[in-house]
Amino acid sequence: KPAKKAKPKIDYVVPVFLPTGVWVIPLKVTNPLNGSRFDKSKIGRAGHERTKVAEFLGTPCGLRLLAGFREHMDGDGRVEVTMVKLGPGEMDDDGVSGAMKYVRDTVALFCGLDDKDKRWKWEYGQERHKQTGIRISIEKL
């Protein structure tokens, strides 16, 4: 019996000509500033979002890109991270940055730096899209 060929893994990192990494992650983020203080839907949100983002950043190609950004930052370079909420609905501008808190923490964790480090430049946005998710773009400045 011939051995089955393993299916190739899909790498969700899209390298482009510039030293940029782009990840599109099927993750619904919510505005933590809306709703009740004791809203049960918020329980476990941090762990779920961190796990989902780590699943995509942790691919071999993703880790190579992130290592390059860390080397750039170790040499006093700066990095811009743009996180965009994708989906049919819109949030308030302040809600988008709040909704991306755990995404931001995970990106910084994978680069081994605190998210308040001055070498980061964090940008937030949102786009109407038929599917729900987030897009993370990282670029050397």
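The values are calculated or read from the model by the stated rules, or taken from the named source; none is laboratory data. Values in this document were obtained by computation on a predicted structure and should not be read as measured data. FYI the Cβ positions are ideal-geometry reconstructions off the backbone, even for glycines, and counts take in every protein chain you see. Ligands, DNA and RNA are excluded from the accessible area calculation, which covers all protein heavy atoms including side chains. Shrake-Rupley method; radii C 1.70, N 1.55, O 1.52, S 1.80 Å.
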Quiz item: Each residue of segment 54-69 in turn: what ³J(HN,Hα) in whole Hz from Karplus with 6.51, -1.76, 1.60 and θ = phi - 60°, glycine and Pro shown as x?
Solution: 4, 4, 8, 5, x, 5, x, 5, x, 5, 5, 4, 5, 4, x, 5
Quiz item: Expressed as a whole percentage, what fraction of the accessible surface of segment 84-141 belongs to carbon and sulfur atoms when a 1.4 Å probe is rolled over the protein heavy atoms?
Solution: 46 percent
Exercise. Calculate one ³J(HN,Hα) per residue across segment 132-141 by plugging θ = phi - 60° into the Karplus curve 6.51 cos²θ - 1.76 cosθ + 1.60, and present them in order as whole Hz with x for glycine and proline.
Key: 8, x, 9, 10, 10, 10, 10, 9, 6, 9
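Give me the extension gain from Arg135 to Ala46: residue separation times 0.36 nm, minus the current Cα-Cα distance, reported in nm with one decimal.
Working: separation 89, 0.36 × 89 = 32.04 nm, distance 1.78 nm.
That works out to 30.3 nm of additional length.
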Quiz item: Between their Cα atoms, which of Lys28/Lys140; Lys116/Lys140; Lys85/Lys121 are more than 24 Å away from each other?
Solution: Lys28/Lys140
Self-check item: Label-to-label distance, nm, for residues given as Arg78 and Asp94 (7 Å Cα→Cβ offset)
Solution: 2.5 nm
Exercise. Return the loop-located trypsin sites (Lys or Arg not before Pro) in segment 43-120 (DSSP other than H, G, I, E, B) with at most 11 other Cβ atoms within 10 Å of their own Cβ; answer none if there are none.
Key: Lys116, Lys118
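Given a 1.4 angstrom probe, what's the average accessible area per residue across segment 69-141, in square angstrom? Display every interim value, and only then the final one.
Working: 3870 Å² over 73 residues.
Per residue, segment 69-141 has an accessible area of 53 Å².
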